[in-house]
1. Taking segment 196-220 as the region of interest, how many residues are hydrophobic (A, V, I, L, M, F, W, C) and either surrounded by fewer than 22 Cβ atoms within 10 Å (Cβ to Cβ) or at positive phi (or both)?
2. Looking at segment 163-205, which of its residues are out of contact with any helix residue (DSSP H, G or I) (no Cβ under 8 Å at 6 or more places or on another chain), in a loop (DSSP other than H, G, I, E, B) and under 18 Å from SER215 (Cα atoms)?
3. Among the residues that make up segment 187-208, is at least one of them in contact with a strand residue (DSSP E or B) (Cβ under 9 Å, 6 or more places away or on another chain) and of a type in the set (Phe, Trp, Tyr)?
4. Within segment 295-302, does at least one residue satisfy the condition of being closer than 18 Å to LEU214 by Cα, surrounded by fewer than 21 Cβ atoms within 10 Å (Cβ to Cβ) and not assigned by TED's automatic domain parsing to the domain that holds LYS94?
5. May I ask you to list pairs of residues, at least six apart or on different chains, whose Cβ atoms are under 8 Å apart, with the first in segment 385-402 being more than 22 Å from GLY366 (Cβ to Cβ) and the second being crowded, with 17+ Cβ neighbours inside 10 Å and among the aliphatic types (A, V, I, L, M)?
6. Only one of ARG83, ARG59, ARG52 is touching an Asp or Glu at 6+ places or on another chain (Cβ under 8 Å), more than 24 Å from ALA260 (Cα to Cα), of a type outside the set (A, V, I, L, M) and assigned by TED's automatic domain parsing to the domain that holds VAL133; which?
7. Would you mention how many residues in segment 252-296 are without any contact (Cβ under 8 Å) to a residue 60 or more places away in the chain, touching a Ser or Thr at 6+ places or on another chain (Cβ under 9 Å) and farther than 30 Å from ASP417 by Cβ?
8. I'm trying to understand the selection: among the residues of segment 15-65, which are buried (at least 17 other Cβ atoms within 10 Å of the Cβ), β-branched (Val, Ile, Thr), outside any helix (DSSP H, G or I) and touching a residue at least 40 places away in the same chain (Cβ under 8 Å)?
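The values are calculated or read from the model by the stated rules, or taken from the named source; none is laboratory data. Predicted, not measured: the structure shown is a model, and the values here were computed from it. Note that each Cβ is placed from the backbone with ideal geometry, even for glycine, and that neighbours are counted across all protein chains shown.
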Amino acid sequence: MPPIADLGVLPESSAEHHGATTLCADSPWVSACRTPETVADFAAVVADYADRLWCAGVRPDEVVALVKSNHFDIQAIQCAAVRIGALPALLSAKMEPAHLLDSLKDLKRPCLLVDAEGAEVLRPWRDRLGAVVSRVLTLTPGTALPGAVELGESAPHQVTVRDGTAPTLITHSSGTTGKPKMLVHTVDSLYAHVAPQMNVVRSLKYAGISAKCLSFVHVRMSTGLLTALNAGLPFLGICSSEPSSVREALLRYRPETLEAQPNMFLRWEGLAREAPNPFSTVERYVSSFDAIHPRTLRTLLEASDHPNPTFVQAYGQTETGPVTLLTTTRSDVRELGLRDSRVVGAALPGMELRIVDDTGAELPAGTQGHIEVRTPARAESMLGRAPLPGRDTWWPMGDIGLLRPDGRLELHDRRLDRVPGVPSTLRAEDVLLDELPELAEVVIVAVDGTPTAVVATADGKPLDEDRWRRARRAAELPDGTRVDHRPWEELPLTGTMKVRRHRLPSHGAAG
């Protein structure tokens, strides 16, 4: 049976086939009618949210902009909106407030649905919301936004089934280089995300709990939910990336698979040295955003008690979904070594890759250039932007890299993040993390044309100057590269834990 990609009807269908399968979150469902523990519970919560949205007057084709704290309930509310024919727009409460207001404007007077955190983020703009949104609904009482009405009462809803080419979900990119791009997906484009993921699930023989700690507004979470419901995978949503919360969730649920954003895994390295070890039951780690740092990959694979755990990473972007796949085992790391994370795998079935020069001419294998892809999973459109070309055209990823003769993709840099005198910031950051175990994060940027390593250490102390100079040479960074030390908490992060590089002006740095 082919996978179902309709977010509105799948929870009910999955409950009929996998009703007793575990599906839960590690923290309370504040606004739900019950706390889901199974797929059947989740389907009931979706139906209840649909009743409440319907009673509040939400109808087919209405855009519902959701701004709330990061919790798995975002996915239930999304499914409920789709179920009644509305178009959910999932907006991160971690978005910069001005960008959040602009995103609401792009949605052309949507119905705004918030919780206490979402209302607090929008509070500076409360006097302007009336001109931007049609009305405000709230999931929690006491929301300090003008005219907010609590989503409380319910009425039987009517189910709307969408055509495959109809818009079904609006999500957004991370916003690492500025205002996030607002992307529209259809049932068909989501299906193109889910089909290869289902093949991966079947090939890897998933059995135990699959835990995900992600931004729940990201399209990866929506397609991950579709995959879990189609396959009947036991599923856990971990709602906070704070190491203490993650440790508690992993020790309580003991997942077999753990997916997170790369910077989350980097921050959790210290957990691998704790007793009891929260990663001991993990057979499979998954990352589908940026390349994973080799130090992090080694640390996590060594932390597992499984005979030969694997790390599955995909390369892609919000607009395209996963494009390549690479599986690394602990045996690979021990036997072959791993110094940098530039290789991100070969194209998934149905996806195409090529490298082009500045004029768009295709380059041969082994030649560095601009990465382009062709995929049926690409988003349908971008709000506030010119119409996108057909999916049979090549899509620029905005990255620099090359194709190896064996067909695997080597990733070097984001085009906009290139630093003069640094062949690959990605490789240099990997080497610095290996050479300096005390680093919790390092990002290489250009400040007034000078390469600068913005660093955060695990203990908050500045780097030793002699050790820094040795590490800089190993990373092949220019002699004049400066160091800008920051507390980890002061790094400007997106909702997907990416560092907003454009927000890293120099604090004054050492050489």
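1. The total comes to 6.
2. Answer for segment 163-205, where residues must be out of contact with any helix residue (DSSP H, G or I) (no Cβ under 8 Å at 6 or more places or on another chain), in a loop (DSSP other than H, G, I, E, B) and under 18 Å from SER215 (Cα atoms): SER173, SER174, LYS181.
3. yes
4. no
5. What qualifies is LEU388/ALA379; LEU388/MET382; TRP395/VAL373.
6. On inspection, the qualifying residue turns out to be ARG52.
7. Matching residues across segment 252-296 total 9.
8. The answer is THR21, THR22, VAL58, VAL63, VAL64.
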